[in-house]
1. What percent do you get for the relative contact order of the chain when only Cα pairs under 8 Å and 6+ apart count?
2. Compute, for Leu94, the solvent-accessible surface of its heavy atoms (probe 1.4 Å) with the complete set of protein chains present, and express it in square angstrom to the nearest 10.
3. Within the chain, which DSSP H helices have Cα atoms that stretch 15 Å or more along the helix axis and a mean Kyte-Doolittle hydropathy of at least -1.0?
4. Quick one: net charge around Phe27, please, counting Lys, Arg +1 and Asp, Glu -1 for every other residue with C-beta under 11 Å from its C-beta.
5. What is the spin-label model distance, in nm, from Thr41 to Gln180 if the labels are put 7 Å beyond Cα along the C-beta direction?
6. Can you tell me the FRET efficiency between Leu51 and His157 if r is taken as the Cβ-Cβ distance and R0 is 45 Å, rounded to the nearest 0.05?
7. In debye, nearest 20: dipole of the chain around its Cα centre with unit charges on the Cβ of K, R (+) and D, E (-)?
8. Express as a percent, rounded to the nearest 5, the fraction of DSSP beta bridges in the chain (both residues included) that run antiparallel.
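The values are calculated or read from the model by the stated rules, or taken from the named source; none is laboratory data. Please read these numbers as outputs of a predicted model, since none were measured by experiment. Cβ placement follows ideal geometry from the backbone for every residue including glycine, while neighbour counts extend to all protein chains displayed. Quick note on the areas: whole protein, heavy atoms, side chains included, nothing else; ligands and nucleic acids left out. Shrake-Rupley method; radii C 1.70, N 1.55, O 1.52, S 1.80 Å.
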Amino acid sequence: MSLILNLESSTEVCSVSVAENGHILTFRENGDGMNHAKLLTVFIEEIFNELKLTAEQLDAVAVSGGPGSYTGLRIGVSAAKGICYGAGIPLIALSSLESMANHVAAHLSDYDLPADDLLLCPMIDARRMEVYSALYSTDGKQVRDISADVIDHHSFHEYLQKGPVAFFGNGAEKCKRAIQHPNALFPKEISASSKHMAALAEKAFREKNFVDVAYYEPLYLKDFIATVPRKNIFGNQE
C-alpha cells in the first residue's frame, strides 16, 4: 500500500493530487496562470482536510522535476522538500514531459491516436517559438532526449518521415503552423497535471527511486533571467 502526494507546477497549471497505489483519490487544479505561490499550499491543505490526512501518513511526495517554468518548478520543489523533510518521507522527482507522455500512451483511443508506430512528443512552452520537448514510444521508451528546441518547418522531420508523431502540451499549439507534415498529429486538451503523475510515481516508489531531499534541483534547461518591465526601464517619468 502506498499513499503519494503529487505536485505539478512546471507550467501555468497548478495541480495537486493524492494517489493510493497509483490511483487518484482526489485532486485540485487551476490553469488560469502562474498563481502557484498563492494556490499550491492551499490546494495541499484542502486535500489533506478532505481526506482527513496528515503529511506523516504519506509514504512519499512526487514532484514535477521539469523542464518548465523556473519559478513554478522552484515553488513546487520547495513545497515538496518541506513536506518530506518535516514528515521524514522520501521525495520522488518525475519528468513533466514523461508524465504527459505516459498518460497519453495509456489513453490512445481517447485521443483518437493510432496504436502502431506512433511516437509521442510532449511539449512545454518556453516562449516565442521555443519549446522543451522529448520523444517517447508508446511503450515508455525515451527515443529522444529532453531538449530546448526552436521550432521551424524542419523540426522532427526525420521522425515524421518514418511514421506518425503526436505533439501535445502547452507548447504544441503554437507549433501547428510550423510543423505541417501529414504525419504530424495534434491531439487537444493535454496539459501537465498531477493526475498524470500517479502511475510513474507509484512505479518509482516501488523501485525506491528517490532523490536527495536536501540537494535535489529540478531540470531548468535554461538559466533564470530576470526582466524589468518596459515602463520601468528608464525609471519613473512624470
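1. 23 percent
2. 20 Å²
3. Sorted by number, the helices that extend far enough and score high enough are 36-51, 70-87.
4. Here the count lands on -2.
5. Distance between label points: 5.0 nm.
6. The formula returns an efficiency of 0.40 here.
7. Dipole size: approximately 460 debye.
8. Within the chain, antiparallel bridges account for around 65 percent of the total.
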